[in-house]
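**Student:** Please read through the structure below; I'll follow up with questions.
The values are calculated or read from the model by the stated rules, or taken from the named source; none is laboratory data. In this text, all values refer to a predicted model and were calculated from it rather than measured experimentally. Every residue, glycine among them, receives a Cβ derived from its backbone with ideal geometry; neighbour counts consider all protein chains shown. Accessible surface is based on the protein model in full, side chains and every heavy atom, while ligands, DNA and RNA are left aside. Shrake-Rupley method; radii C 1.70, N 1.55, O 1.52, S 1.80 Å.
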Amino acid sequence: MPTTPAVPGELLPRLRELVAREIRPRADEDEARSRFPRDLCRDLGSLGVLGLPYPQEFGGSGWRFEDYLRAIELLAGGWLTIAETVAVHTLACFPVATYGDSAQRKELLPAMLGGELLGSYCLSEPGAGSDAASLTTRAVLDGEHFVVDGTKAWITHAGHADFYNLFVRTGAEGPGGISCLLADKDTPGLSPDRPEKKMGLTGSPVAQVHLSEARIPRARLVGELGKGFSIAMSALDRGRLGIAACAVGLSQAALDVATDHAMTRRQFGRPVGEFQGVAFMLADMATAIEAGRSLYRSAACRLDAGEDITKEAAMAKLFCTDTAMRVTTDAVQILGAVGYTDRYPVERYMREAKVLQIFEGTNQIQRLVISRRLAAQRRDAAADENR
């Protein structure tokens, strides 16, 4: 079990040093080679980073979610793949940590939170992306095992994960027929496909996971039968805040490179950053980043206070990831021709920013979530007025 500093003020400086010394220097090469940095995951696990927002009694650090997101932002500023790995693993621990029974928590959480095991979260399917409730992977109870058949898609850590959270259909159509199972990587019948070739975030492996008569013990049912969809959606609220923090960290890294370049690149006898066209771009970038940072931290504070954050998490994910796309694109523009080459990391940042607008629910879905919550709040307010 890791020896973890008790307070964020002790760990965050150590993380900042680790980012500068070991993480940022190898990002370009590992991304170019599509190389997953599992060794760095183990290093972070030994520091306690893979269990930050979970209880100390199970090997976590017991941090507030807001402080955990500060760590994610810091990591993303060094290498987005590392931050996403931590965020996805934290998401993968959520079902057992929050809905697992006492035996599951005692058996599984210490290794999950201590960094010995790496997790994966399997909700999407080839025919069920934004419409997750229409998933068709089916699990049939056969004695003391569920027999699972189907295919999961876009699974981060596929082929590298030690455990897979599987959201499967155990009942009728719709969200009420979905349950959550936890499968070990060596489960017979569970086979990850080859990794997808992506335009960015190439150090993070993503692939389909095929299940053919995979037998998963009944004791690995997480939560109640038929409650899997609510587990998935509750986890995604937190996962969206993780992606928002990733987006802010990536945006800040792009702004830093663009600012340094603008203050050192000279044209017409002075730094290009002194020209209003560039200076105003930098000002807008910095303002949007700070607004996004405040938005995700505000939502995290609500979560720490025990409040519902579905709308706020969607807002943070939407705004921060759209900001990342704009900021990284503008960073390339400020650097000019050299920004379009791999001599600077901003072209990689721009490619990586794109996927942030897509996973954990596309930004079109975030707008749908927000608008539906607004309508529900208005109906509730009208009902209160009529009482």
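**Student:** So, in the stretch 285-302, of the ones that are among the small types (Gly, Ala, Ser) and touching a residue at least 12 places away in the same chain (Cβ under 8 Å), which residue ends up surrounded by the fewest Cβ atoms within 10 Å (Cβ to Cβ)?
**Tutor:** The extreme case among them is Ala291.
**Student:** Here is a follow-up. Just checking, which of Ala305, Ala214, Ala219 is modelled with pLDDT of 95 or more, within 26 Å of Glu107 (Cβ to Cβ), open to solvent by 60 Å² or more (accessible area, probe 1.4 Å) and of a type outside the set (Ser, Thr, Tyr)?
**Tutor:** Ala219
**Student:** Only one of these conditions is not met by Arg42: (1) over 26 Å from Val206 (Cα atoms); (2) open to solvent by 40 Å² or more (accessible area, probe 1.4 Å); (3) part of a helix (DSSP H, G or I). Which number is it?
**Tutor:** (1)
**Student:** Okay, moving on. Filtering the stretch 351-387 down to residues that are under 23 Å from Gln252 (Cβ atoms) and free of Cβ contacts under 8 Å to residues at least 60 places away in the same chain, which residue is surrounded by the fewest Cβ atoms within 10 Å (Cβ to Cβ)?
**Tutor:** Among residues in the stretch 351-387 that are under 23 Å from Gln252 (Cβ atoms) and free of Cβ contacts under 8 Å to residues at least 60 places away in the same chain, the one surrounded by the fewest Cβ atoms within 10 Å (Cβ to Cβ) is Ile358.
**Student:** Quick check on Leu221: is it farther than 22 Å from Gly127 by Cα and free of Cβ contacts under 8 Å to residues at least 60 places away in the same chain?
**Tutor:** Here the answer is no, as Leu221 does not meet what is asked.
**Student:** Turning to a different aspect of this structure: Looking only at the stretch 9-29, filter to residues that are among the acidic types (Asp, Glu) and under 16 Å from Gly77 (Cα atoms); which one of those is most open to solvent (accessible area, probe 1.4 Å)?
**Tutor:** Glu17
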